[in-house]
1. Work out the FRET efficiency for residue 303 and residue 325 from their Cβ-Cβ distance, taking R0 = 22 Å, and round it to the nearest 0.05.
2. Roughly what would the spin-label model give for residue 87 and residue 12, points 7 Å off Cα along C-beta, in nm?
3. Tell me the Rg and the Dmax, in Å, that the Cα atoms of the chain produce.
4. Highest first, please rank the peptides 297-310, 91-104, 243-256 by the mean number of other Cβ atoms sitting within 10 Å of their residues.
5. Can you compute the modelled spin-label distance between residue 225 and residue 175, with each label point 7 Å from Cα toward Cβ, in nm?
6. Compute the length gained on full extension between residue 30 and residue 360: take 0.36 nm times their separation in residues and subtract their Cα-Cα distance, giving the result in nm to one decimal.
7. Report, please, the projected area of segment 193-335 averaged over directions, based on the convex hull of its C-alpha atoms, in nm².
8. Quick check: the distance between the Cα centres of segment 59-121 and segment 178-231, to the nearest angstrom?
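What follows is calculated from the coordinates using simple rules that are stated; it is not laboratory data. Since the model is a prediction, treat every value here as computed from it, not as a measurement. Cβ: placed from backbone, ideal geometry, glycine included. Neighbour counts: every protein chain shown.
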Ligand SMILES: *Cc1c(COP(=O)(O)O)cnc(C)c1O
């Protein structure tokens, strides 16, 4: 029997203890605490022994699936392998032991790392300036939109309240725009999956603040009309926002700045390697073109006259253009260190290979599986692509069944039912860090599943069979989570 067969979470029983404290020598101090502030009852904590605690968490960690345990082709998430050296460097006491309120002169090395990373990101994206403050991709989107709004407002162009978002966009795009107080206007995709220019043109007027684009888009397709779109949107006075979560496809090949984008965010926890999922930690730096540099949020890194670095804040200054403050301090430093280590480790030559190898891996899987799975858009893809369920629809086997069965074979499922353009979307992103052997075994398993759909469909409908939990009510799990001691009582 495996640990999870028992699913025992409540291990507590009266009197068990996993700690021993020295006898109390500070009783007088406790006596000084006023009676009404003193705890009257014991805190409700589990009573367990040390081996029980160790086994509980070790077993839980073994039930988890991660990039370190297997292939994780989750579309739009860039689940690449995270080199362990990044962790080692980021957890060095020299980085983890400092405090954001330390005087700048005691952390010049750390500020130098910020500066170097900003420069590297400028060079990789073609932007002029960066802020490393945002904590996630969606947070970067909000920051970028605040910059766009502030830019129009400061120029007295306050009627620009609309933001154009393609129907294929990641859900965070319209959500961030709404949080920023902008009105979302959807633009349709054409037959080939890219933005339909004829649908875009009538939307462009002096109420448009800008357009949010993902390139390659969430179908893994490069928006080849980007130069024309840029000139149309700029022509009506709007700005171009680039959702850089898909930057892995282009890294080292083309730069959003050169395509005409004014603002972008990157997902360091996707493109630049850092373990992610389950909500963090992440980093969503925002880059801007020269004319928007003064609008970046604060605190802002600056070089003082005598050469040393400092974090500047002047939000309330008379001439300040900054979009404001979007984080307590200057970002998720540990994630920034990992991205920095990753960039330096690859170096100028190898960073150019990331995009091309990610694209090669995706096209290899797409071509290997396009007989068994329905491929609505056949052109060469970038770093990811979308199937619309099994080619043979007779079995009634759904994308969910395929995804659940993959778990039995030891693979993480791809992204399913996104993008919304197809009914049975399976979105696959292998990344550049997987070997051909791994890709080949994924192909073998996907073909096996397609065969099972014909010969033994029930085994798919009832999958997964070998995981700690089977098909769960995911909505209930999200709406009514039981996360802490006592919740299961
Ligand atoms: C992941 C992703 C985001 C959001 O990034 P988070 O860090 O999860 O907030 C936005 N857009 C696209 C295309 C993404 O893939």
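1. Numbers: r = 21 Å, r/R0 = 0.95.
Rounded to the nearest 0.05, the efficiency is 0.55.
2. The modelled label-to-label distance comes out at 3.0 nm.
3. 25.6, 79
4. Working: 297-310: 14.3, 91-104: 10.5, 243-256: 23.6.
Put in order of decreasing packing, that is 243-256, 297-310, 91-104.
5. 2.9 nm
6. Details: separation 330, 0.36 × 330 = 118.80 nm, distance 6.61 nm.
Using 0.36 nm per residue and subtracting the Cα-Cα distance, I get 112.2 nm.
7. Values: hull surface 45.3 nm².
Taking the Cα atoms of segment 193-335, their convex hull projects to 11.3 nm² on average.
8. 33 Å
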